[in-house]
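Participant: One structure is given below, represented as structure tokens, and several questions about it will come after.
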Amino acid sequence: MIRKCIGCGIELQSENKDKIGFVQNEKQELCERCFKLKNYGEYQPVNLNNNDFQKIIDTIPANSLVIYVTSLLNLNLDYLYKFKNVLIVLTKKDLLPKSTKDYKIINYIKKNYHNYLDIEVISSIRNYNLDNLFKKIKKYGNRKSIYFVGLTNSGKSTLINKIIKNYADNNKEITTSLYPSTTLNIINIKIGNLKIIDTPGLLGEKSIINSLTSNEIKRITPKKEIKPRNYQLKGETSLLIDKYIRLDTHINDNIAVFLSNNLKIIKVGKDNQKFKNNYKYSVTIQKNQDIVIEDLCFIKFQKEADIEIYSPYQINILKRDNLI
Ligand SMILES: Nc1nc2c(ncn2[C@@H]2O[C@H](COP(=O)(O)OP(=O)(O)OP(=O)(O)O)[C@@H](O)[C@H]2O)c(=O)[nH]1
Ligand SMILES: [Mg+2]
């Protein structure tokens, strides 16, 4: 029988120490990679890519319930159209200011996306709305396979762990981490009659995290409630967002930048040319829109604007209505 790692789902093997799924001892249930991640926070990259993960996602039967998990910070719903019978879960609510209104986020999605069953805003860490979500999972997922899908780091495995903790009578724990590609293959979990399946997250191919070291990924990941940084822009302005982004615009507006509290932002004068020779992205936004730099930050604008963004890294830029 094929044995799989209980932490990441990869097939276990004891032949090659340098390959994924390695265990010293055939009796171990956790692969070495998961063991190091879990106990020492030590990250070992893998050579699996989106094709491998896509193949796994393609095996999801059409009659399954799909729990599409996305972090509220990115709100990446690009892959929603690939699935049927979808329950959208917007997670990491604890990272947004407490005044953030769920209904505003839900209304935005209702207005712009269709073909899903329901939406829930949650925080796995704070146990926020998990009872409501679990009721919906039972309602829509009865006698179905229930697949948790979403981009890497969206919080699928953390959510399943919380569901196990709250509603199951076992103490299984899937490996989670702030680094990309933690879950490597399908993991089956039974909770009562429910057939829950964790999947590896797709990689946002243009996300900044593909270019950063594990220390930098740690540095840019918000861990606590974000304290928005407000700037009053008057005319031509340039902002340097830590070592990652330069933002140039020419407007009068009050903007708010949401990112990890330990990153620095500085306003610079016209003479400062930093990052101007790097990748350049031009974005036009309408009134009351946010610009999202996937996995790094989002910026709330109130007025329409033309914005130039420069970065030494490849980044993915999304637009949406103001969340807050
Ligand atoms: N603040 C906060 N962090 C969360 C929440 N849920 C998950 N995280 C964090 O997000 C990171 C990614 O979580 P995972 O559960 O490993 O994400 P995943 O979607 O399973 O990722 P892959 O297995 O790579 O596809 C971890 O650092 C989690 O602690 C949440 O509700 N709030
Ligand atoms: Mg996972």
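Each value in this text was obtained by applying a stated rule to the coordinates, not by laboratory testing. Just so it is clear, the structure is predicted and the values come from calculations on it, not from any experiment. A quick note on method: Cβ atoms are made from the backbone with ideal geometry, for glycine too, and the neighbour counts reach across all protein chains shown.
Participant: Order by neighbour count: His114, His250, fewest other Cβ atoms within 10 Å first, most last. All intermediate terms of the calculation are to be shown ahead of the outcome.
Facilitator: Working: His114 9, His250 12.
So the ranking, lowest neighbour count to highest, is His114, His250.
Participant: Exposure proxy check: Lys92, Lys98, Lys287 ranked by fewest other beta carbons within 10 Å? Present the calculation step by step, with values, prior to reporting the outcome.
Facilitator: Working: Lys92 23, Lys98 7, Lys287 11.
If I rank by nearby Cβ atoms, fewest first, I get Lys98, Lys287, Lys92.
Participant: Further, regarding this structure: Among Lys224/Lys287; Lys135/Lys156; Lys93/Lys218, which pairs are too far apart, with a Cα-Cα distance over 22 Å? Intermediate results must be reported in sequence, preceding the final value.
Facilitator: Details: Lys224/Lys287 29 Å; Lys135/Lys156 17 Å; Lys93/Lys218 19 Å.
Those over the limit are Lys224/Lys287.
Participant: Let me ask something additional. Can you compute the modelled spin-label distance between Glu26 and Asn277, with each label point 7 Å from Cα toward Cβ, in nm?
Facilitator: Between Glu26 and Asn277, the simple spin-label model gives 6.0 nm.
Participant: When Lys and Arg each count +1 and Asp and Glu each count -1, what net charge do the other residues less than 11 Å away from Ile191, Cβ to Cβ, add up to?
Facilitator: Numbers: positive: Lys138, Lys165, Lys172, Lys190, Lys195; negative: Asp169.
Counting the neighbours of Ile191, the net charge comes to +4.
Participant: Can I ask one more? In the chain, what cysteines have no partner Cβ closer than 4.7 Å?
Facilitator: Lone cysteines by the Cβ rule: Cys8, Cys34, Cys297.
Participant: Another question, if that's okay. What shape does the stretch 1-128 have by the C-alpha gyration tensor, where a ≥ b ≥ c are the square roots of the eigenvalues, rounded means a/c under 1.5, and otherwise prolate means a/b greater than b/c and oblate the rest?
Facilitator: On the way: a/c = 2.88, a/b = 1.78, b/c = 1.62.
In terms of gyration-tensor shape, prolate.
Participant: I would also like to ask the following. To make sure I understand, if each residue's beta carbon is the centre and we count other beta carbons within 10 Å, what order do Ser154, Ser211, Ser181 fall in, fewest to most? Present the calculation step by step, with values, prior to reporting the outcome.
Facilitator: Working: Ser154 26, Ser211 15, Ser181 22.
Listing Ser154, Ser211, Ser181 from fewest to most nearby Cβ atoms yields Ser211, Ser181, Ser154.
Participant: Quick check: Cα centre of the stretch 55-77 to Cα centre of the stretch 254-276, how many Å?
Facilitator: 34 Å
Participant: Given a cut-off of 32 Å, name the pairs among Lys98/Lys136; Lys36/Lys223; Lys172/Lys264 whose C-alpha atoms lie farther apart than that in the structure shown.
Facilitator: On the way: Lys98/Lys136 24 Å; Lys36/Lys223 21 Å; Lys172/Lys264 39 Å.
Over 32 Å apart, Cα to Cα: Lys172/Lys264.
Participant: Further question: Report the extension gain between Lys84 and Asp102 in nm, rounded to one decimal, defined as 0.36 nm multiplied by the number of residues separating them, less their alpha carbon distance. Write out the running numbers ahead of the final one.
Facilitator: Working: separation 18, 0.36 × 18 = 6.48 nm, distance 2.40 nm.
Extending this stretch completely gives an extra 4.1 nm.
Participant: For the stretch 125-166 and the stretch 194-215, what is the centre-to-centre distance using only Cα atoms, to the nearest Å?
Facilitator: Measuring centre to centre over Cα atoms gives 17 Å.
Participant: Here's a follow-up. Arranged from highest to lowest average of other beta-carbon atoms within 10 Å per residue, in what order do the peptides 54-60, 74-80 appear?
Facilitator: Details: 54-60: 13.4, 74-80: 18.6.
Averaged packing, sorted descending, gives the order 74-80, 54-60.
Participant: Quick check on the chain: helices-only [θ] at 222 nm, where DSSP H runs of length 4 and up contribute -39,500 (n - 2.57) each and the sum goes over total residues. Nearest 500, please.
Facilitator: Numbers: 6 runs with 59 residues, N = 324.
Helices in the chain give a 222 nm mean residue ellipticity of -5500 deg cm²/dmol.
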